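The values are calculated or read from the model by the stated rules, or taken from the named source; none is laboratory data. Just so we're clear, the structure is a prediction, and the values are computed from it rather than from any experiment. Cβ sites come from the backbone with ideal geometry, for glycine too, and all protein chains shown count toward neighbours.
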Amino acid sequence: MYIDPPLLVLDLTGTFAFGLNGALTAVRATRLDLIGVVTLGMVTALGGGIIRDLCIGATPPATFRDWRYFALAVAGALIAFVLSKWLDRLEMPIIVFDAIGLSVFAVIGTVKAAEFELGIAPALLLGVVTAVGGGTIRDMMVMQIPTVLRSELYALPALVAAAVTIITIHFGVYGVPAALGAAAACFVIRMLGVRYGLNLPGPPGDGRRWGSANADPDASGPADRQ
Amino acid sequence: MYIDPPLLVLDLTGTFAFGLNGALTAVRATRLDLIGVVTLGMVTALGGGIIRDLCIGATPPATFRDWRYFALAVAGALIAFVLSKWLDRLEMPIIVFDAIGLSVFAVIGTVKAAEFELGIAPALLLGVVTAVGGGTIRDMMVMQIPTVLRSELYALPALVAAAVTIITIHFGVYGVPAALGAAAACFVIRMLGVRYGLNLPGPPGDGRRWGSANADPDASGPADRQ
Amino acid sequence: MYIDPPLLVLDLTGTFAFGLNGALTAVRATRLDLIGVVTLGMVTALGGGIIRDLCIGATPPATFRDWRYFALAVAGALIAFVLSKWLDRLEMPIIVFDAIGLSVFAVIGTVKAAEFELGIAPALLLGVVTAVGGGTIRDMMVMQIPTVLRSELYALPALVAAAVTIITIHFGVYGVPAALGAAAACFVIRMLGVRYGLNLPGPPGDGRRWGSANADPDASGPADRQ
């Protein structure tokens with residue numbers, strides 16, 4: 001009811017990508033068992049949308065009204081669990097799936113917030129919250145400082161996607177092409193940030209301060225490497 | 001209004017057990033002071049139900065409408081605070097109270113979700129979320145990877161209880177005996193998992209990776225020991 | 001609609017103070033970059049009020065209905081980011097801004113809960129949750145055990161402010177003077193606790209157990225020093 005069928009496909013794609021990402025993060029960060037992996041996949045995939053729906057008063061959240069979100073989050077997590085055994089290094093898939101989910105959810109979250117006529121700033125804020133919310137809970141559950149705090153080019157591309165979405169809605173040109181364009185802009189900015197190390201512009205010599213709670217270097221940030 | 005008086009007793013029992021558990025966890029993990037102990041008891045006892053009620057749109061949550069939840073959570077926490085001084089080792093009480101809360105809340109959460117006609121998968125999901133939600137926030141607040149991620153036989157028994165509940169509702173045989181049976185099944189599976197070490201099926205040599213954020217070995221996982 | 005203009009000023013003051021506090025915490029604890037600093041400022045300033053509004057069913061939360069909350073949180077965070085370069089030691093400003101936000105939000109949260117006629121205990125609870133909620137999420141995001149768990153004189157002064165507010169409402173003498181008095185009482189108790197080290201009454205020899213997840217001593221508790 002909130003989004004067109006093509007955008008529903010986009011939303012479900014983001015859910016699937018975040019399910020993959022959360023599960024791979026679980027495998028990589030702490031080698032959780034099957035249920036731990038699926039749980040972290042579901043939290044990552046469904047967390048942002050649930051926070052958004054609670055904030056706009058759309059209860060029960062879409063996650064609980066449409067079984068496909070649930071199914072795709074679990075499917076992504078299970079696929080990641082199986083495939084993880086054949087993947088030597090998980091960094092890049094983790095980052096790419098995260099960037100896909102981030103990009104798609106920033107657009108969808110903004111559209112849903114705009115339909116509730118919350119004003120521009122709240123719609124932007126909710127778009128970004130939808131995009132980064134699931135990953136933030138994911139990071140906190142595995143005892144890592146959330147990517148949204150550590151990486152300048154994480155919230156920023158989500159904000160760009162949200163802004164493009166709001167502008168195209170305002171000028172009446174919002175549609176599938178605009179949504180895909182906004183998501184693509186976010187994805188490209190995020191990946192450029194990762195590629196060129198733009199995601200760690202902190203003060204010099206502070207690199208180690210981003211360290212995770214776990215002393216094992218393998219268990220550090222899921223999305224701050226190349 | 002949502003649950004029969006006998007089930008209300010069950011719900012309040014779970015609240016009391018989680019209040020005890022959260023407070024003992026606080027004492028054991030970080031030796032918090034009185035208010036810290038009561039706070040962690042309340043978070044553990046009330047967190048899962050609040051998340052569930054927010055998700056089904058039942059605001060204000062039952063916790064805020066019925067003072068008995070509040071009173072029993074605080075009472076459990078205070079009793080635990082006093083008794084903790086006489087308990088040499090707190091592991092087993094922590095695990096048992098946690099398992100009681102887990103079992104009861106899985107059933108009650110599923111019943112409430114089913115009454116909102118959310119469908120089977122969402123009802124199961126909300127039952128599990130109700131069961132593990134408070135403990136997850138508890139663990140995150142004391143900087144530990146949540147039990148639900150670390151222990152295979154934690155979400156699983158909650159899911160079993162939720163499934164038994166849904167099936168008995170579906171066949172019209174749900175009632176106090178069914179609720180008690182579902183909760184008992186969850187409790188037995190969880191305790192068997194703890195007893196036989198089934199709760200740590202991670203890859204070999206990874207035992208130390210479950211370590212908590214705190215280097216103090218005393219402060220590690222509240223529910224993964226015997 | 002919920003609070004008089006003078007109290008709205010008080011609410012916005014608390015939002016601004018928490019925005020400053022969250023941003024300074026980010027700079028001090030982990031030297032996050034600009035977006036990380038603003039994000040933590042917003043989480044600290046808006047988190048407590050959002051939790052309260054979700055619990056009383058006032059969706060969308062005031063944060064999303066009134067752009068001034070959003071603007072003041074961001075403004076506070078930006079000012080703190082700029083000023084932090086000239087501040088050698090950030091402890092005292094962090095503590096003072098936190099205490100201001102705590103005091104004001106305890107009063108405002110209680111008033112809003114009371115207007116939803118939730119009863120005395122829930123109103124007190126929601127007042128305290130409003131006061132400590134944002135800071136608790138702040139601490140969890142930077143991997144620190146929340147102040148509300150560590151410091152006896154943190155939840156307690158908030159509870160005092162909430163109780164004074166409820167009592168003055170009950171006797172029909174609530175108004176701006178009462179609100180300011182309740183907030184001042186909270187502020188004074190909190191600062192006395194900090195001044196005289198009353199905020200760490202844990203068992204002897206346990207000082208190091210409050211340590212944060214980060215081994216860097218600079219990164220420990222944001223509000224437990226003088």
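Here is a list of conditions, (1) touching a helix residue (DSSP H, G or I) at 6+ places or on another chain (Cβ under 6 Å); (2) surrounded by fewer than 24 Cβ atoms within 10 Å (Cβ to Cβ); (3) within 14 Å of chain A (Cβ to nearest Cβ), and C:K85 meets all of them except one; can you say which number that is?
Going through (1) touching a helix residue (DSSP H, G or I) at 6+ places or on another chain (Cβ under 6 Å); (2) surrounded by fewer than 24 Cβ atoms within 10 Å (Cβ to Cβ); (3) within 14 Å of chain A (Cβ to nearest Cβ) one by one, C:K85 breaks only (1).
Can you confirm whether segment A:63-74 contains a residue that is without any contact (Cβ under 8 Å) to a residue 24 or more places away in the chain, in contact with a Phe, Trp or Tyr (Cβ under 9 Å, 6 or more places away or on another chain) and closer than 19 Å to B:G57 by Cβ?
Initially, segment A:63-74 is screened for residues without any contact (Cβ under 8 Å) to a residue 24 or more places away in the chain, giving A:63-67, A:71.
Next cut, in contact with a Phe, Trp or Tyr (Cβ under 9 Å, 6 or more places away or on another chain) only: A:63-64.
Still in the running and closer than 19 Å to B:G57 by Cβ: A:63-64.
Checked against the condition, which is being without any contact (Cβ under 8 Å) to a residue 24 or more places away in the chain, in contact with a Phe, Trp or Tyr (Cβ under 9 Å, 6 or more places away or on another chain) and closer than 19 Å to B:G57 by Cβ, segment A:63-74 yields at least one hit.
Go through (1) buried (at least 24 other Cβ atoms within 10 Å of the Cβ); (2) not in a helix (DSSP H, G or I) for C:G172 and report which single condition fails.
Here C:G172 meets the rest and fails (1).
List every residue pair whose Cβ atoms sit under 7 Å apart, with the two residues 6 or more apart in sequence or on different chains, where the first one lies in segment A:182-196 and is in contact (Cβ under 8 Å) with a residue 40 or more places away in the chain and more than 21 Å from A:I167 (Cβ to Cβ) and the second, anywhere, is surrounded by 21 or more Cβ atoms within 10 Å (Cβ to Cβ) and aliphatic (A, V, I, L, M).
Every condition considered, the pairs that remain are A:M191/A:A99; A:G193/A:L153; A:V194/A:I95.
Here is a list of conditions, (1) surrounded by fewer than 24 Cβ atoms within 10 Å (Cβ to Cβ); (2) at pLDDT 90 or above; (3) facing chain B (nearest Cβ under 10 Å), and A:A75 meets all of them except one; can you say which number that is?
All conditions are met except number (3).
Being among the aliphatic types (A, V, I, L, M), part of a helix (DSSP H, G or I) and surrounded by 24 or more Cβ atoms within 10 Å (Cβ to Cβ) is the requirement here; does B:A179 meet it? Walk me through how you get there before you give the answer.
Details: among the aliphatic types (A, V, I, L, M): yes; part of a helix (DSSP H, G or I): yes; surrounded by 24 or more Cβ atoms within 10 Å (Cβ to Cβ): yes.
Judged against the criteria, B:A179 is a match.
Checking C:D98 against (1) under 15 Å from C:R28 (Cβ atoms); (2) touching a residue at least 60 places away in the same chain (Cβ under 8 Å); (3) surrounded by fewer than 21 Cβ atoms within 10 Å (Cβ to Cβ): exactly one of these is not met. Which one?
Failed condition: (3).
Given the structure, is B:A184 surrounded by fewer than 20 Cβ atoms within 10 Å (Cβ to Cβ), modelled with pLDDT of 90 or more and within 28 Å of B:F70 (Cβ to Cβ)?
So B:A184 fits the description; yes.
Can you tell me which condition A:A219 does not meet? The list is (1) at pLDDT 50 or above; (2) surrounded by 14 or more Cβ atoms within 10 Å (Cβ to Cβ); (3) more than 25 Å from A:I120 (Cβ to Cβ), and all the others hold.
Result: A:A219 passes all but (1).
Among the helices (runs of 4 or more DSSP H) confined wholly to segment A:1-71, which include 3 or more residues that are facing chain B (nearest Cβ under 8 Å) and at pLDDT below 90?
Working: elements: A:5-30, A:34-56, A:62-65.
Helices (runs of 4 or more DSSP H) meeting the threshold: A:34-56, A:62-65.
Can you confirm whether segment B:116-123 contains a residue that is part of a loop (DSSP other than H, G, I, E, B), out of contact with any Asp or Glu (no Cβ under 8 Å at 6 or more places or on another chain) and without any contact (Cβ under 8 Å) to a residue 60 or more places away in the chain?
Taking segment B:116-123 as the starting set, the residues that turn out to be part of a loop (DSSP other than H, G, I, E, B) are B:116-119.
Retained after the next criterion (residues that are out of contact with any Asp or Glu (no Cβ under 8 Å at 6 or more places or on another chain)): B:116-119.
Of the ones still in play, those that are also without any contact (Cβ under 8 Å) to a residue 60 or more places away in the chain are B:117, B:119.
Yes - at least one qualifying residue is present in segment B:116-123.
Hey, among the residues in segment C:133-154 that are over 20 Å from C:L24 (Cα atoms) and in contact (Cβ under 8 Å) with a residue 40 or more places away in the chain, which one's surrounded by the fewest Cβ atoms within 10 Å (Cβ to Cβ)? Break it down into steps so the answer makes sense when it comes.
Taking segment C:133-154 and keeping what is over 20 Å from C:L24 (Cα atoms), we get C:149, C:152-153.
Of the ones still in play, those that are also in contact (Cβ under 8 Å) with a residue 40 or more places away in the chain are C:152-153.
Values: C:E152: 19, C:L153: 21.
So, considering only residues that are over 20 Å from C:L24 (Cα atoms) and in contact (Cβ under 8 Å) with a residue 40 or more places away in the chain, the one surrounded by the fewest Cβ atoms within 10 Å (Cβ to Cβ) is C:E152.
Working only within segment B:3-59, note down all residues that are surrounded by fewer than 24 Cβ atoms within 10 Å (Cβ to Cβ) and of a type in the set (S, T, N, Q).
Matches in segment B:3-59: B:T13, B:T59.
Please pick out the residue among C:G127, C:G135, C:G175 that is farther than 22 Å from C:L54 by Cβ and of a type outside the set (A, V, I, L, M). Give the derivation first.
On the way: C:G127 fails: farther than 22 Å from C:L54 by Cβ; C:G135 fails: farther than 22 Å from C:L54 by Cβ.
After ruling out the rest, the residue left standing is C:G175.
Evaluate the following for A:A75: is it in a helix (DSSP H, G or I) and out of contact with any Asp or Glu (no Cβ under 7 Å at 6 or more places or on another chain)?
In short, yes.
Scan segment C:124-154 for residues that are more than 9 Å from every other protein chain (Cβ to nearest Cβ) and more than 13 Å from the chain's Cα centre (by Cα) and report the count.
1
Looking at (1) surrounded by fewer than 24 Cβ atoms within 10 Å (Cβ to Cβ); (2) away from chain A (no Cβ under 14 Å), can you tell me which one C:P157 breaks?
(1)
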